[in-house]
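Here is the structure we will look at.
Values in this text are rule-based calculations from the coordinates and carry no lab data. As the structure is a computational prediction, the values presented were derived from the model and not from experiment. Note that we place each Cβ from the backbone using ideal geometry, even for glycine, and neighbour counts take in every protein chain shown.
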Amino acid sequence: MTTPHNPADAAPRADACGAAPLLPEELSLSEIKELLDSEARRINSPQFIGDDPVQFPRRFTAQPDIEIAALLASTIAWGNRRMICRDADRMLALMENAPHRFLMERAFEELPAGNIHRTFFTDDLRAYLRGLYLIYNEYPTLEQFARARGVHHAPAPAWALAEAINERLATANPDGTRLSRCLPQNLRTSALKRLNMALRWLVRTDGIVDIGIWRLLTPDRLFIPLDVHVGNTSRQLGLLRRRTDDRRAVDELTAALRQFNPDDPTVYDFALFGIGMKL
């Protein structure tokens, strides 16, 4: 097994803030894999669900409901996890806990003004739902929309899907004022953390935490959902050299994780979360 970097060189590297690594510098490649596998097994368990936004798409059985809940819950997945879950619950309540029906009835046009999560407001939710309405009015599921747009043939599926959704968002919201709250608009550099997380929920098929209802993609096609915490933990482990948490960093880190598990690299999203909680 090889890695993109020499762990012996990578382990003592400073993190993005210039701090020295907190993990042992002498970790070998096999020890890093053992640590990642152990933490992935520990965190990827049913007990994880109740404190994570993955619980919201898991509430539903119909594929369109699952997809819409996954997109929306992941869209507000930044900051404190307890607040994310509180606000995602409130957002679904605004949609009468029937996201697909709410969408297709265009009930979002009657949403009252208000805050949903931090800088995400009902105006932003309405803009997103207007774009999703154009998708679901033409296709029965987001998966079929993604198939029609050739997302499964793209080298980076999340970015291809984001581009396709952004086109519908722009059509539905010609003033363009709320679109950056829905999905990043600069796809050349964005890490797309939240959409990569939604795809992890929809594609991974181990039946523990993630839902795995999509057949369009297989887990080996997924990219790691990268945020500042995952980035810093990965630098501590010597898995990531790039100091900016952007698309190039996602490519670099995912390539490193594929060395350990080429069929399911994003299982280590659980591991990096667990290790990060200990640092």
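A few notes on this one:
- The chain: relative contact order in percent, alpha carbon pairs under 8 Å with at least 6 residues between: 25
- The angle between the Cα long axis of helix 193-203 and the longest principal axis of the Cα atoms of the chain comes to about 80 degrees, rounded to the nearest 10.
- Charge sum, other residues only, whose C-beta stays under 11 Å from Asn173's C-beta, Lys/Arg counted +1 and Asp/Glu -1: +2
- Order of His100, His229 - criterion: other Cβ atoms within 10 Å of each residue's Cβ, fewest first: His229, His100
- Each of Tyr136, Pro219, Val267 was scored by the projection of its Cα onto the charge dipole of the chain, and the greatest displacement toward the positive side belongs to Tyr136; charges sit on the C-beta of Lys, Arg, Asp and Glu.
- About its Cα centre, the chain has a charge dipole of approximately 340 debye under the convention of +1 per Lys or Arg Cβ and -1 per Asp or Glu Cβ, with nothing else charged.
- Ordered by the count of other Cβ atoms within 10 Å of each Cβ, fewest first, Met91, Met104 give Met104, Met91.
- Extension reserve of the Tyr139-Asp220 stretch, reckoned as 0.36 nm per residue once the Cα distance is removed: 26.6 nm
- Per residue convex hull volume, Cα atoms of the stretch 49-202, in Å³: 106
- Mean shadow area of the chain over all directions, Cα convex hull, nm²: 13.8
- Residue order for Glu26, Glu143, Glu105, fewest other beta carbons within 10 angstrom first, comes to Glu26, Glu105, Glu143.
- Selection of trypsin sites (Lys or Arg not before Pro), the stretch 60-147, meeting DSSP coil and at most 13 other Cβ within 10 Å: Arg106, Arg118
- With contacts taken as Cα pairs under 8 Å and at least 6 residues apart, the stretch 49-202 reaches a relative contact order of 23 percent.
- Site pair Ala93 and Asp51 shows an inter-label distance of 2.3 nm when each label is modelled 7 Å from Cα along Cα→Cβ.
- Estimated purely from DSSP H runs of n ≥ 4, each contributing -39500 (n - 2.57), the mean residue ellipticity at 222 nm for the chain is -15000 deg cm²/dmol once divided by its residues.
- The relative contact order of the stretch 39-85, computed from alpha carbon pairs under 8 Å that lie at least 6 residues apart in sequence, is 36 percent.
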